[in-house]
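The values are calculated or read from the model by the stated rules, or taken from the named source; none is laboratory data. Not measured: the values here are computed from a predicted model. In this analysis, Cβ positions are derived from the backbone assuming ideal geometry, glycine residues included, and neighbour counts consider all displayed protein chains. Only protein heavy atoms, including side chains, enter the accessible area calculation; ligands, DNA and RNA are left aside. Shrake-Rupley method; radii C 1.70, N 1.55, O 1.52, S 1.80 Å.
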Amino acid sequence: LHYNALLAACADAARRRDAAAGDAALGVLRKMEERGVAPDSRSFSAAVAAAEPAGAEGLLAEFESSALASDPEGAPFVYCAAMRASLRAGEWEAALSLLDRMRARGVDPDSHCLGAALEACRAGRDGERAEAEFAAARTMHADAPHRLSGVLVSTAMGACVRGGRWESALAIFDAHAADLAAGSPDAGPDPFCYAAALAACRRGGQAARAVGLLARFEEKLGGEAGGEDAQPTGGGEGDPLRATVEGGQLRATLAHLREQTVGACLAAGWLDEAVERHRGARSPSDRSLVFALRACGQLGLLRGADASSTALQLHAAQPAADLAGQIEADEALLSALASCGAWPALLAAYDDLAAESKARRPCLNLAAQAARATDSDRAPELAALAAAA
């Protein structure tokens, strides 16, 4: 127990990015051997968690040769630690190979291993493998599917979305919602699952589904009128949505879900809906503004509508939270004005931008295009600046 406590401390140090943690853990293991104390799965899992990927591979091989046969029940902890070490190093394929390796040795992965595998699938955009591993997780919880972790579900959905399988992500959401409802009528998916479902809607251009999901989430909060001060209906102690509200994260959660809904409307060509949903949201995100500005541009490009004044109003009403968001919003504004053919307004808007945005090539190119369209004598200067940016 004392040695394992030391090894756990090494693993904690590694999570704090202490470069010496791996060597310290290896030293503890060797001291155990010198004293005749056989390391068990808990010892090896902590040592692997403390090690770099190369060291973790060696420790895993040592575990397989010396302790796997005598401690098979603890083996998933060791393999999971090795998978996490690979993920920290950005080696998602190696993490999935470790899952295959444990199965080949007759070790059934637990939910922690499958969670790590789904994170690897998300990192590698492997939607097909994510579906297979999520199916394995559901099989593992076949007697009580409503107990399946929401984090695992949302990770699987995210992997499917990133892998181009948005339909599968929505199918996972629907199955999870049904499982939860079967376990308790008041239960429902957590905010992360809703966020992944709305991201799937945005990827697939499923505007109607996105609007319905957002309404369903807001209804659980007590309706749109409740806004950021709403309290969830249903759900008891430990309910994920209630924890989100009590943790003070509701404003950010709602902003993200509404942002994804605006994006889904944009992707589906519901351009007026995208603009109005952004305009009507409380505390909209920077990304929502970008989606709304792109919708204004498409209204001008595809329908010949002059949405330039709307774009200017939206942009002026919402200062970005940070510089990166400001630059993206500025570029989206100029692009929208160009799509509407509002060249004088574009040139004036460019002059009002922050210096960081004005120096960006996309903004300079659009300003130069506006100068040419209006026969401005600034066209050569702006074109030269764009070429040099």
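Tell me, what is the FRET efficiency for Ala9 and Arg101 to the nearest 0.05, using R0 = 30 angstrom and their Cβ-Cβ distance as r?
0.60
State whether region 89-198 is rounded, prolate or oblate according to the following rule on the C-alpha gyration tensor (a ≥ b ≥ c being the square roots of its eigenvalues): a/c under 1.5 gives rounded; otherwise a/b larger than b/c gives prolate, and the remaining case gives oblate.
Since a/c reaches 1.5 but b/c is at least a/b, the shape of region 89-198 is classed as oblate.
For the pair Ala89/Arg147, report the inter-label distance in nm, with labels modelled 7 Å from Cα in the Cβ direction.
The modelled label-to-label distance comes out at 3.5 nm.
Could you estimate the translational diffusion coefficient of the chain from the Stokes-Einstein equation, with Rh from the Kirkwood formula over C-alpha pairs, at 20 °C and 1.002 mPa s, in whole µm²/s?
89
With +1 on each Lys and Arg Cβ and -1 on each Asp and Glu Cβ, how big is the dipole of the chain about its Cα centre, in debye rounded to the nearest 20?
In debye, rounded to 20, the chain gives about 460.
How many Å² of accessible area per residue for region 28-129, probe 1.4 Å?
With all protein chains present, region 28-129 gives 46 Å² per residue.
Tell me the relative contact order for the chain as a rounded percent, counting alpha carbon contacts under 8 Å between residues six or more apart.
7 percent.
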